[in-house]
Structures are given as structure tokens and as C-alpha cells.
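The structure appears right after this line, and notes come after that.
What follows draws every value from the coordinates through simple rules; no lab data is involved. All values reported here derive from a predicted model rather than from experimental measurement. Methodologically, a virtual Cβ is constructed for each residue, glycine included, from the backbone with ideal geometry; neighbour enumeration extends over all protein chains shown.
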Amino acid sequence: MKYCLLPFFAAAILLAAACTQKHGGGSAKLLGEWHSKKDGSKLKISDKTFTLESDSPDPEDYFVKGDTIYTSFEGNLPYTKYTIKKLDEHNLYLFTPDSVVVYYTK
């Protein structure tokens with residue numbers, strides 16, 4: 001009897017792992033609405049989209065690898081890269097593709 005349930009438990013574990021994986025890969029600290037300290041521009045990061053309202057109001061797909069955020073509009077390449085310099089619950093320091101650091105707060 002106990003061996004009959006083994007495939008069920010294996011499938012349940014795989015399903016749980018697949019369902020908890022986020023598309024964007026953003027950590028909980030990264031998600032939310034950020035405001036630039038300099039000009040008040042908004043950056044919105046959800047679990048699936050990255051929207052920098054000062055550049056374009058259109059949301060982009062994104063994923064995070066290490067300390068870098070890679071964005072792409074509807075899958076177009078090349079990716080736009082943003083490097084995270086500092087991230088905590090209230091502050092985000094982000095290097096833009098132009099090598100400028102933008103300071104955001106929640």
C-alpha cells in the first residue's frame with residue numbers, strides 16, 4: 001500500500017515546486033512601487049512585470065539573475081540590464097543601462 005502512494009507524493013512535490021516558481025523571479029523585497037528620490041519617477045515591479053514610467057509606461061517581462069535585472073518588451077532581444085547596488089525593504093539603488101545610479105524608495 002505505501003508503495004502505491006509514492007508516485008502520488010513525487011508528483012505532488014514536483015507540482016508544488018513548479019507552482020511556486022515566479023516568472024519574474026523577483027524577491028519579496030524587490031516587488032512593489034518605487035519612487036525616485038531625484039525626480040519622483042515611478043518604478044513598478046510585480047512578480048511578472050517591470051515598468052519604469054519615466055522611460056515607457058509599457059510593462060516589460062523580466063527575470064533576476066544574481067544582482068542583475070534583465071528586462072525585455074514582449075520577448076524582444078537584447079535584454080536591458082539593470083544592476084542592483086543596494087536592496088532592502090525601503091531602498092533600491094539601481095544602476096541603469098547608462099551606468100547612472102538611481103535611488104528609489106517605497
Query raised in the report: Cβ under 14 Å from F95's Cβ, F95 left aside: what net charge do those residues give with Lys, Arg +1 and Asp, Glu -1?
Result: +1
Query raised in the report: By how many nm would the segment from N91 to H35 grow when fully extended, if each residue of separation counts as 0.36 nm and the alpha-carbon distance is taken off?
Result: 19.2 nm
Query - Principal axes of segment 23-105: Cα extent on each, largest first, Å - result: 30, 23, 21
Query raised in the report: With charges set only on the Cβ (+1 for Lys and Arg, -1 for Asp and Glu), what does the dipole of segment 23-105 come to about its Cα centre, in debye to the nearest 20?
Result: 300 debye
